[in-house]
Amino acid sequence: MKKLSLPVLLCFLTSVFAWAQDAPSDFPIRGLCIAAPRVDKLPDFVKFINEELGPRKINTLILRVDFNYQYESHPELRDSIALSKSDVKQIVNACRQHGIEVIPQINLLGHQSWANRTNALLRVYPQFDETPWVKMPEKYQWPNEDGLYCKSYCPLHPDVHRIVFELVDEICDVFETSGFHAGMDEVFYLGESKCPRCSGHDKAELFANEVRKIRDHLAQKNRRLWIWGDRLIDGRMTGLGMWEASMNSTARAVDMIPRDVLICDWHYERADKTAVYFAMKGLDVVTCPWRRPAVAALQKSDMINFRETATNAMRDRYKGLVQTVWSDAGSFVEGLQSNKPDEKGGNNTPWHSFNTIFPKPEPVVAAPAKKGRKSK
């Protein structure tokens, strides 16, 4: 196969980029996933909803809350400075004015630590730790002998769900939402041989059972479960590896989870077509870019193409796009407003990606009124 020259390749990517900006994109879900703002940045965030999300017709805001809320059910799990109920209502009210539903997220199962810091759930309830023998290092580095990326809670601990479900119910109530995002990405610790409860269990079944348990709890109040999709993809067979897919035998869970779970399918370096895989499994799916506008443009064009060319049975499973942001909310808002370049002076940033898939419409300027002829 003849290789494309660099000028031809750049021309092609530029054409795709331009088409993706102008192409029809009436997706059922036009979303942004971002951390909940810190208290001091709340006014800026509300302004961002009104001035950026509304005009771009964003209709879904996945808000990564975790412990940045003043929980009444478990005040021991609050961040030291956290959003109050009245703070949350400012976000909810601003979103309601623009037809935006907030989907709050608390990381369940995995991501119970980060770097050398244990997050609130395992810090307060260390008995829930799937790997208590793995000690948090003073200085974190990857790779490490323990295979420590993030801690997990043990899904078979008899007391863990009472705690986390009280948090889930409270955060869903305060955000007045019909959906909840449980995270569940990059779960590396699961079914560990030293765990007195999980040892010997099929990891795919453990993962699927946890998804089902969360889903069934939410369904009691007609709420829908959203999760990241990486643990449901075979990292070896696809070549996607251990981050964007699973290398620890959880992939078979894709056939064990309820079909009404919504999958957030994230790929950041390439426009991998795994949305088709999830749709063929009978699952609704959104594609999630991050900080490469060229990749995001391809992902947008793919989603449009999937919806236009799919069978009637599959078409509506392709739900749209969700831009992901992994910095704090304040940094993203600042970068978007200033069109800040990346570290190399380029445009590989989440705000450039956001502008690519959800461009802000130009303000409509009224034409000057024509002067009529004066009658004699």
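The values are calculated or read from the model by the stated rules, or taken from the named source; none is laboratory data. Please read all numbers here as calculations on a predicted model, not as lab measurements. Methodologically, a virtual Cβ is constructed for each residue, glycine included, from the backbone with ideal geometry; neighbour enumeration extends over all protein chains shown.
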So the check is Cβ under 6 Å with 6+ separation or different chains; which pairs have a first residue in region 192-218 that's touching a residue at least 24 places away in the same chain (Cβ under 8 Å) and a second one that's part of a loop (DSSP other than H, G, I, E, B) and β-branched (Val, Ile, Thr)? Glu192/Thr131; Lys203/Thr250; Ala204/Thr250; Phe207/Thr250; Ala208/Ile257; Val211/Ile257; Arg215/Val261
Top-ranked residue in region 236-291 [being among the acidic types (Asp, Glu) and not in a helix (DSSP H, G or I); ranked as surrounded by the fewest Cβ atoms within 10 Å (Cβ to Cβ)]: Glu269
Test set (1) in a loop (DSSP other than H, G, I, E, B); (2) buried (at least 21 other Cβ atoms within 10 Å of the Cβ) - Trp226 fails condition number: (1)
Please work out which residue is surrounded by the most Cβ atoms within 10 Å (Cβ to Cβ), limiting yourself to region 161-211 and to residues that are hydrophobic (A, V, I, L, M, F, W, C) and assigned to a strand (DSSP E or B). Phe180
Out of region 43-78, which residues are of a type in the set (Val, Ile, Thr) and either out of contact with any Asp or Glu (no Cβ under 9 Å at 6 or more places or on another chain) or in a strand (DSSP E or B) (or both)? Val46, Ile49, Thr60, Ile62, Val65
Do we have any residue at all in region 97-119 that's at pLDDT 95 or above, surrounded by 14 or more Cβ atoms within 10 Å (Cβ to Cβ) and of a type in the set (Lys, Arg)? no
Give the residues of region 71-82 that are in contact with a Leu (Cβ under 7 Å, 6 or more places away or on another chain) and buried (at least 17 other Cβ atoms within 10 Å of the Cβ), sorted by residue number. Tyr71, His74, Leu77
Condition first: over 21 Å from Ile34 (Cβ atoms) and in contact (Cβ under 8 Å) with a residue 40 or more places away in the chain. Now tell me which residues in region 113-123 satisfy that. Leu121
Identify the single condition in (1) surrounded by fewer than 24 Cβ atoms within 10 Å (Cβ to Cβ); (2) under 25 Å from Arg38 (Cα atoms); (3) of a type in the set (Gly, Ala, Ser) that Ala294 does not satisfy, given that it satisfies every other one. (2)
